[in-house]
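Below is one structure, written out as structure tokens, with a few remarks after it.
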Amino acid sequence: MLIYISSANVVDEVSRGIWYFYQWIEKRYGFCVIKIEKGIQPNCYNSILLDSHDKALQNLQGTLIWQSQSPFRPLHKRKNWYFELICYEGFEPIDFDDTRIIYHSMKSPKKGGQHVNTTNSGIRALYPPLGISAVSFDQRSQHQNRQIARRRLEEKHKLQQIEIIEAQIQKRWHSVKMIKRGDPIKTFYGEKFKVLKNK
């Protein structure tokens with residue numbers, strides 16, 4: 001299950017509320033962070049994408065409010081800052097299968113330097129299922145370059161999966177209604193992020 005936490009209209013105060021909310025759920029629920037988009041101000045998150053098997057998080061799905069005087073605009077009259085948590089089922093990232101990597105040895109394109117351009121110590125790793133590749137000429141050992149190229153390939157795979165998931169979630173998220181400003185799931189108050197209302 002993927003968890004997406006964001007706001008339709010992110011301002012600094014909402015981003016601070018989302019940051020507080022992350023600290024709050026981190027102590028109470030099990031999840032892995034896929035991506036956090038930080039805000040402009042310190043201790044501010046514009047959006048959070050999580051992966052979780054903790055079904056209890058579904059109880060938080062809906063509108064959430066942080067009630068607080070603005071920490072950035074002391075004279076601002078508004079004190080209700082809205083954001084939303086949405087759960088998504090059915091997203092299955094493509095597993096990274098080591099057995100499908102194809103390795104090719106190659107000479108370094110660099111000139112000179114202790115025989116690096118005269119031996120086939122460089123490695124190009126290809127992953128045909130996703131059409132991605134990675135290379136390494138970092139070490140003189142072909143074995144070490146193979147390990148480095150594999151790690152880079154795996155990181156590319158991870159980033160590509162995040163981009164695919166984000167695109168799908170953004171499409172779904174923007175297709176729903178604007179955040180409902182009444183009947184919140186939970187209301188939090190102040191910098192201590194105290195729960196005022198439970199649904």
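The values are calculated or read from the model by the stated rules, or taken from the named source; none is laboratory data. Predicted, not measured: the structure shown is a model, and the values here were computed from it. Quick reminder, even Gly has a Cβ in these numbers, built from the backbone with ideal geometry, and neighbours come from all protein chains shown.
In the set 76, 104, only one residue is modelled with pLDDT of 85 or more, closer than 27 Å to residue 158 by Cβ and more than 26 Å from the chain's Cα centre (by Cα); that residue is 104. Of the residues making up segment 47-79, those that are aromatic (Phe, Trp, Tyr) and under 21 Å from residue 28 (Cα atoms) number 1. Only residues that are modelled with pLDDT of 85 or more and either under 27 Å from the mean Cα position of the chain (by Cα) or small (Gly, Ala, Ser) (or both) were counted across segment 107-125, and they come to 2.
Among the residues of segment 51-64 satisfying the criterion of being among the aliphatic types (A, V, I, L, M) and closer than 19 Å to residue 82 by Cα, which is surrounded by the fewest Cβ atoms within 10 Å (Cβ to Cβ)? Out of the qualifying residues, it is 57. From the list 165, 148, 185, 132, the lone residue that is surrounded by 14 or more Cβ atoms within 10 Å (Cβ to Cβ), at pLDDT below 80 and under 25 Å from the mean Cα position of the chain (by Cα) is 165. Residues that are out of contact with any strand residue (DSSP E or B) (no Cβ under 8 Å at 6 or more places or on another chain) number at least 3 in none of the strands (runs of 3 or more DSSP E) confined to segment 1-78. Per the listing 33, 14, the residue uniquely of a type outside the set (Gly, Ala, Ser), without any contact (Cβ under 8 Å) to a residue 24 or more places away in the chain and on the phi < 0 side of the Ramachandran plot is 33. Just one of the listed residues (34, 101) is among the aliphatic types (A, V, I, L, M) and either closer than 30 Å to residue 141 by Cα or exposed (fewer than 15 other Cβ atoms within 10 Å of the Cβ) (or both), and it is 101. Restricting attention to segment 135-145, and to residues there that are surrounded by 15 or more Cβ atoms within 10 Å (Cβ to Cβ) and in a helix (DSSP H, G or I), which single residue is farthest from the chain's Cα centre (by Cα)? If we take residues in segment 135-145 being surrounded by 15 or more Cβ atoms within 10 Å (Cβ to Cβ) and in a helix (DSSP H, G or I), then 142 is farthest from the chain's Cα centre (by Cα).
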